[in-house]
1. Has the range 188-209 got at least one residue that is surrounded by 15 or more Cβ atoms within 10 Å (Cβ to Cβ), small (Gly, Ala, Ser) and in a loop (DSSP other than H, G, I, E, B)?
2. Return the pair list, or none, for Cβ contacts closer than 6 Å from residues in the range 258-277 that are more than 16 Å from Leu185 (Cα to Cα) to residues that are of a type outside the set (A, V, I, L, M, F, W, C) and part of a helix (DSSP H, G or I), at least 6 apart or on different chains.
3. Kindly evaluate Phe259 against the criterion of being more than 21 Å from the chain's Cα centre (by Cα), of a type in the set (Phe, Trp, Tyr) and outside the structural domain of Tyr172 (by TED's automatic domain parsing).
4. Any chance the range 312-334 includes a residue that's in contact (Cβ under 8 Å) with a residue 60 or more places away in the chain and out of contact with any Leu (no Cβ under 7 Å at 6 or more places or on another chain)?
5. Hey, can you tell me all the residues within the range 5-21 that are over 15 Å from Asn66 (Cα atoms) and either of a type in the set (Lys, Arg) or surrounded by fewer than 12 Cβ atoms within 10 Å (Cβ to Cβ) (or both)?
6. Tell me which residues, restricted to the range 346-361, are charged (D, E, K, R) and surrounded by 11 or more Cβ atoms within 10 Å (Cβ to Cβ).
7. Would you confirm whether or not the range 146-156 contains a residue that is of a type outside the set (Gly, Ala, Ser), part of a loop (DSSP other than H, G, I, E, B) and under 16 Å from Met284 (Cα atoms)?
Amino acid sequence: MTSEQKAIILATVPVLRENGVLLTKHFYNRMFLHNPELKNMFNMGNQKNDRQQTALALAVLAYAENIANPGVLMPVIDRIGHKHTSLDIRPEHYSIVGKHLLASIQEVLGEAATPAIIDAWTAAYNQLAQIMIGHEAGIYTQQTERTYGWTGWRPFLVKKKVVESAEITSFYLYPADGGKVAEHLPGQFISLRVFLPQLQLKQARQYSISSAPNADYYRISVKKEKGATLNTDGLISNHLHDSIKEIDQVDLTAPAGNFTLTGEVDAPVVLISGGVGLTPLMSMLHSLIEKNHAFPITWLHGCRNESVHAFKDHITSIVTENPQVKQHVFYNQLTSQEKEAGILEGYLDINKVPDLDLVADAHYFICGPTPFIQKQFNDLVAAGVNKQHIYFEEFGPQVLALN
């Protein structure tokens, strides 16, 4: 890109701040109109609740703001790259997206979209596409180089369903070809794809792996969504609960994601979860125990009540058998017996945990709903924890930028 083109991109930043979501809504509508086959690749639930449009608008804005040095966005590019490879997005898809994004800029801005602006954004998009394609090629290579690794969609069988709470059921997924699986990094997710009769579309969703790394199977633990207004968002999870039986087939991509417990963590670990956000932390906990982690492990979990507390007895047994592991649990609704047992009342609040030792060099992993992550992150920082030691996983399109 020329310096003049970069200056033009920077000049469009105020417009993107004001009208970014309007632009991305127009873009998605245009793309699905002209390329309806892509509805099989995108989460149509996130199209209805505007989360995908918002996430894309924020990403485009961040790119424009940092057009002079896009390298500073590498953590974001890495996170998006993992999402893309888990959905089997390939270089040819960038050509389709680019065509509709540039056309949308012209159509939304109208006469304000001068030839110079369109030329600058064409150069900017092509630069970003090449950065993403190159980075994703590296992730695909890593996946194939893993023992038993693969890329693309692979058929798996649901060999076991286990009810973990009133809302959460675990699904044990084994390769349909009888082969082995690549061991995931604790905290990673897989994409699962099924055909939804209601939409007459294939739809994919990303689920954290809740089992310890192994070469035989993946376990995901899925929350059943409820509510009279439930539409596309939650259909896959409910389809798994209601329609998928043991020995039914689903398609999976290889494990992906950079919210991970990698290598040897020579420090205390604090796991903080809200509701079904405990799933990737289950894998982390198992891995730490199997590796005889020599430092304290603390788990803080919050949910509505005991009936929806998945893995409750299992985690309690781990705490009982491993003196370096402690847990603190919050229920919104508390019985007198639960109070006596040491359960805390209300929403999870680190400031209400008695004798909680927030060690400066500990590693903190947070997973749960977006407001939950934001609160825990802010409370940890206020308590003096280094931001660089706080990691979080936001389910769905990424809209938080806390680090």
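1. Checked the range 188-209: no residue is surrounded by 15 or more Cβ atoms within 10 Å (Cβ to Cβ), small (Gly, Ala, Ser) and in a loop (DSSP other than H, G, I, E, B).
2. Close Cβ pairs satisfying both conditions: Ile272/Gln376.
3. On the way: more than 21 Å from the chain's Cα centre (by Cα): no; of a type in the set (Phe, Trp, Tyr): yes; outside the structural domain of Tyr172 (by TED's automatic domain parsing): yes.
Considered against the rule, which asks whether it is more than 21 Å from the chain's Cα centre (by Cα), of a type in the set (Phe, Trp, Tyr) and outside the structural domain of Tyr172 (by TED's automatic domain parsing), Phe259 comes out as no.
4. Filtering the range 312-334 for residues in contact (Cβ under 8 Å) with a residue 60 or more places away in the chain gives 312.
In the following step, the residues that additionally are out of contact with any Leu (no Cβ under 7 Å at 6 or more places or on another chain) were identified as 312.
There is at least one residue in the range 312-334 that is in contact (Cβ under 8 Å) with a residue 60 or more places away in the chain and out of contact with any Leu (no Cβ under 7 Å at 6 or more places or on another chain).
5. So the first thing to find is which residues in the range 5-21 are over 15 Å from Asn66 (Cα atoms), and the list is 15, 18-21.
Residue satisfying the conditions is Glu18 alone.
6. Keep residues of the range 346-361 that are charged (D, E, K, R), which gives 349, 352, 355, 357, 361.
Those that are charged (D, E, K, R) and surrounded by 11 or more Cβ atoms within 10 Å (Cβ to Cβ): Asp349, Lys352, Asp357, Asp361.
7. First, the residues of the range 146-156 that are of a type outside the set (Gly, Ala, Ser): 146-148, 150-151, 153-156.
Next, only the ones that are part of a loop (DSSP other than H, G, I, E, B) stay: 146-148, 150-151, 153.
Now restrict to residues that are under 16 Å from Met284 (Cα atoms): none.
No: the range 146-156 contains no residue that is of a type outside the set (Gly, Ala, Ser), part of a loop (DSSP other than H, G, I, E, B) and under 16 Å from Met284 (Cα atoms).
Conditions tested, residue by residue: (1) touching a residue at least 60 places away in the same chain (Cβ under 8 Å); (2) surrounded by fewer than 18 Cβ atoms within 10 Å (Cβ to Cβ).
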| site | (1), (2) |
| --- | --- |
| Trp121 | yes, no |
| Gln143 | yes, no |
| Phe156 | yes, no |
| Ala166 | yes, yes |
| Asp177 | no, yes |
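The values are calculated or read from the model by the stated rules, or taken from the named source; none is laboratory data. Everything quoted here is computed from the prediction, not taken from an experiment. Glycine gets a Cβ as well: all are built from the backbone with ideal geometry, and neighbour counts include every protein chain shown.
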